[in-house]
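Here the structure comes first, spelled out in structure tokens, and everything after it is commentary.
The values are calculated or read from the model by the stated rules, or taken from the named source; none is laboratory data. The structure presented is a predicted model; accordingly, all values stated were derived computationally and were not measured. Reconstructed Cβ throughout: ideal geometry from the backbone, glycine too, with neighbour counts over all protein chains shown.
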Amino acid sequence: MARIIRHTEQAPQRIPMADIKADLYLCRCGLSQNGIFCDGSHRATKDEVPGATYHYSRSEGVLQRTIIVPTNIPTPVLDETVAEEIGGAQ
Ligand code: FES
């Protein structure tokens, strides 16, 4: 599976070392709204199907997903959209 994610930031986010007091979890799914840090948004990816490509977008805090199915995937799920409330980290 793959994800198409639109990023609009053009500068880094400074994290003062004094603010680091516990384990850090870095986002690897690309959906976090907390910079490079995990905010729990990855939960929306748990049922992604291998071979499909997903496009995620947000509207008023709600994460929406569109599945883009390549023609070589036998199950024709063409335009499924799901909305999931975003909770806290992990
Ligand atoms: S890994 Fe991306 S939000 Fe958790």
How many residues of the stretch 10-33 are near the ligand (Cβ under 8 Å from one of its atoms) and under 21 Å from residue 59 (Cα atoms)? The answer is 5
Can you spot a residue in the stretch 14-34 that is of a type in the set (Ser, Thr, Tyr) and exposed (fewer than 10 other Cβ atoms within 10 Å of the Cβ)? no
Examine the stretch 69-81 for a residue that is in contact with a Leu (Cβ under 9 Å, 6 or more places away or on another chain), surrounded by 12 or more Cβ atoms within 10 Å (Cβ to Cβ), at pLDDT 55 or above and over 15 Å from residue 5 (Cβ atoms), and state whether such a residue exists. yes
With the requirement that a residue be over 19 Å from residue 66 (Cα atoms), out of contact with any strand residue (DSSP E or B) (no Cβ under 9 Å at 6 or more places or on another chain) and at pLDDT below 90, what does the stretch 24-55 give you? 34, 35
Could you run through the stretch 48-63 and say how many residues are outside any loop (DSSP other than H, G, I, E, B) and of a type in the set (Gly, Ala, Ser)? 2
Name the pairs: first residue in the stretch 17-41 and among the polar types (S, T, N, Q), second residue near the ligand (Cβ under 7 Å from one of its atoms) and in a helix (DSSP H, G or I), Cβ to Cβ under 6 Å, at least 6 apart or on different chains? 32/41
